[in-house]
Structure formats: structure tokens, C-alpha cells
Amino acid sequence: MEKNGFLPIGKIVGPHGVKGNIKVYSYAESLPVFDPGSSILVINAKGSEKTYKIKWAKPHSRGILLSLKGIESRDSAETLIGSELFIEQANLPELEDGSYYWFDIIGLSVFTTDEQYMGKVESIISTGSNDVFVVKDPNKEYDNETLIPALESVVLEIDFKLKTIRVDLPEGL
């Protein structure tokens, strides 16, 4: 589901406890997008929308536990299962120079230094030491996926106006 000006940051997968807390599968890489006091848009499977204020958020297992103002019981939390969570893109924290949000990178066309088209960034894998861009070329039937390490020595240029990434591939890629 998409909504202009908003970014999906997670999906409600279940209630937690009896006080209305919810378990969230987070699409976000970090917890600060669930900043207490900020607003979050909840859209259920039928398209119904409601905005809530975040009371608190904390990591839990492979997801996040979230408490929203107005959701005070397990029953009200259960009604939200399957709902998508969105935040306004304008409310995202500022990044340091040379850092980008994944949504900025996904969809960009990738070219080598000798102008060879490799495909588009379909997704990004977080490995701990560095991210890896999953680049797919829809024009190739076989061997259409390339994994490119997101390192300064490999990713030479990102041009958001042209929607391109220029890479210098290491030997073997």
C-alpha cells in the first residue's frame, strides 16, 4: 500500500499483553522513526486510516513493541492486526552527508564505469559491516541478479536527478 508523502515503516502483526501494546514487524532500519510523541498513520486492510501518537517504542525479538495513545486494551490492539504503519517523509531524521535512506536508493538504475547497464536496485540487504544492493536486470532471463557491496570504493556516484548509480565493480562481479 502506498500513500503520497508518507513512507511505510512497518506492519502490525499482533497484540502484546493486555494493555493495548502491539507487536510490529518493522521495515525501518532503526528505532528513531518510532519516536515517542510523533504521529503515525495506521491504515487497515480495508483502507481505513487513523493517526495515533506514539507513547513509546522498544525493540522486541525480531520486531518492535509499540504503545499508541488511544489503544488501551488487547481487544483494541487486535483490531489493528494487519494494518500498515506510515510516517510523513518530512518527519524523517536528517542524515549525515553521504548517507541515504533505502527508499532513496531502491529503484535507481545502476551503470558501470564503462556505461554498461546492470539493472535497477530492487532491494537492499543489511549485512552489519555494509549494505549490499540487490540489482536486477529485467532484460536478462538468466543470471539477472547482481549483489553490489555499498562501499565507497565500489559505489562511485549516486545521482538522484538522473536516478542513477555509477559503480566500479571488484574483480569477479
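The values are calculated or read from the model by the stated rules, or taken from the named source; none is laboratory data. Being a predicted model, the structure only gives us computed values, none of them experimental. Heads up, the Cβs are rebuilt from the backbone with ideal geometry, glycines too, and the neighbour counts pull from every protein chain shown.
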Check: For region 99-173, which fully contained strands (runs of 3 or more DSSP E) count at least 3 residues that are surrounded by fewer than 16 Cβ atoms within 10 Å (Cβ to Cβ) and of a type outside the set (Val, Ile, Thr)?
Finding: 117-126, 155-159
Margin query: Condition first: among the small types (Gly, Ala, Ser), within 30 Å of THR51 (Cβ to Cβ) and at pLDDT 80 or above. Now tell me which residues in region 91-116 satisfy that.
Written below: GLY107
Margin query: Based on this model, can you work out whether SER30 counts as over 26 Å from ASP104 (Cα atoms) and modelled with pLDDT under 85?
Written below: no
Next item on the list: Keeping to region 55-72, report how many residues are in contact with a Leu (Cβ under 6 Å, 6 or more places away or on another chain) and either of a type in the set (A, V, I, L, M) or outside any strand (DSSP E or B) (or both).
Entry: 1
Note to self: Going by what's in this entry, would THR79 be described as hydroxyl-bearing (Ser, Thr, Tyr), more than 24 Å from VAL13 (Cβ to Cβ), more than 20 Å from the chain's Cα centre (by Cα) and at pLDDT 90 or above?
What the structure shows: no
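Yes/no per residue for (1) exposed (fewer than 12 other Cβ atoms within 10 Å of the Cβ); (2) farther than 26 Å from GLU94 by Cβ; (3) among the small types (Gly, Ala, Ser):
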| residue | (1), (2), (3) |
| --- | --- |
| ASP35 | no, no, no |
| ALA45 | yes, yes, yes |
| LYS50 | no, yes, no |
| LYS55 | no, no, no |
| ILE64 | no, no, no |
| ILE71 | no, yes, no |
| ALA77 | no, yes, yes |
Next item on the list: Enumerate the pairs (first residue in region 16-32 and among the small types (Gly, Ala, Ser); second residue anywhere and part of a strand (DSSP E or B)) with beta-carbon separation below 6 Å, excluding pairs fewer than 6 apart on the same chain, so at least 6 apart or on different chains.
Entry: SER26/GLY10; SER26/GLY63; SER26/ILE64; ALA28/ILE9
Check: Right, LYS58: of a type in the set (Lys, Arg), at pLDDT below 95 and touching a strand residue (DSSP E or B) at 6+ places or on another chain (Cβ under 6 Å) or not?
Finding: yes
